Amino acid sequence: QVQLVESGGGLVQLGGSLRLSCAASGSIFRIDTMGWYRQCPGKQRELVATISPTGSTNYADSVKGRFTISRDNGKKTVYLQMNTLKPEDTAVYYCNAELRTYAVTWRLDPYWGQGTQVTVSS
């Protein structure tokens, strides 16, 4: 029973900032890569950023220099700091975690949060 709970979404004006949080809980043996994905209206879900357990990061070209992903392994939480927001950033943002549970330690499984709406007005 693993759960990812997201928070921090909302409505902001162009150029504003938001900080998303995603906390994992349950019978987790180890969390490997965590990341954020988003689904813009009428588009497919796309990768925004990922972060490894040791802090290595990857970003979509569209958010480089504006977004920063980080994690707190002790809190089992991943964050996404979003600055200089644009209307094109409007989407449902989903937290993702590749993890092993105590029940199945030999297998990595993807888990997803419920999604949080980010709306950037112009």
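The values are calculated or read from the model by the stated rules, or taken from the named source; none is laboratory data. None of the values given here were measured: they were computed from a predicted structure. Virtual Cβ from ideal backbone geometry, glycine too; neighbours counted across all protein chains shown. Surface areas here come from the heavy atoms of the whole protein model, side chains and all, with no ligands, DNA or RNA. Shrake-Rupley method; radii C 1.70, N 1.55, O 1.52, S 1.80 Å.
Below is a table of values for the structure above.
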quantity: Condition broken by Leu47, with the remaining ones in (1) open to solvent by less than 60 Å² (accessible area, probe 1.4 Å); (2) touching a residue at least 12 places away in the same chain (Cβ under 8 Å) satisfied; calculated: (1)
quantity: Criterion (open to solvent by 60 Å² or more (accessible area, probe 1.4 Å), at pLDDT below 95 and not hydroxyl-bearing (Ser, Thr, Tyr)) met by exactly one of Gly65, Gly42; calculated: Gly42
quantity: Selected residue (criterion: farthest from Gln117 (Cα to Cα)) from residues of the range 1-38 that are aromatic (Phe, Trp, Tyr) and touching a Lys or Arg at 6+ places or on another chain (Cβ under 7 Å); calculated: Phe29
quantity: Verdict on Gly113 being surrounded by 15 or more Cβ atoms within 10 Å (Cβ to Cβ) and either among the small types (Gly, Ala, Ser) or within 18 Å of Gln3 (Cβ to Cβ) (or both); calculated: yes
quantity: Per-region count, the range 78-105, residues open to solvent by 50 Å² or more (accessible area, probe 1.4 Å), farther than 25 Å from Gly55 by Cβ and not charged (D, E, K, R); calculated: 1
quantity: Residues located in the range 1-22, provided they are open to solvent by 40 Å² or more (accessible area, probe 1.4 Å) and touching a Ser or Thr at 6+ places or on another chain (Cβ under 9 Å); calculated: Gln1, Gln3, Val5, Ser7, Leu11, Gln13, Leu14, Gly15, Ser17
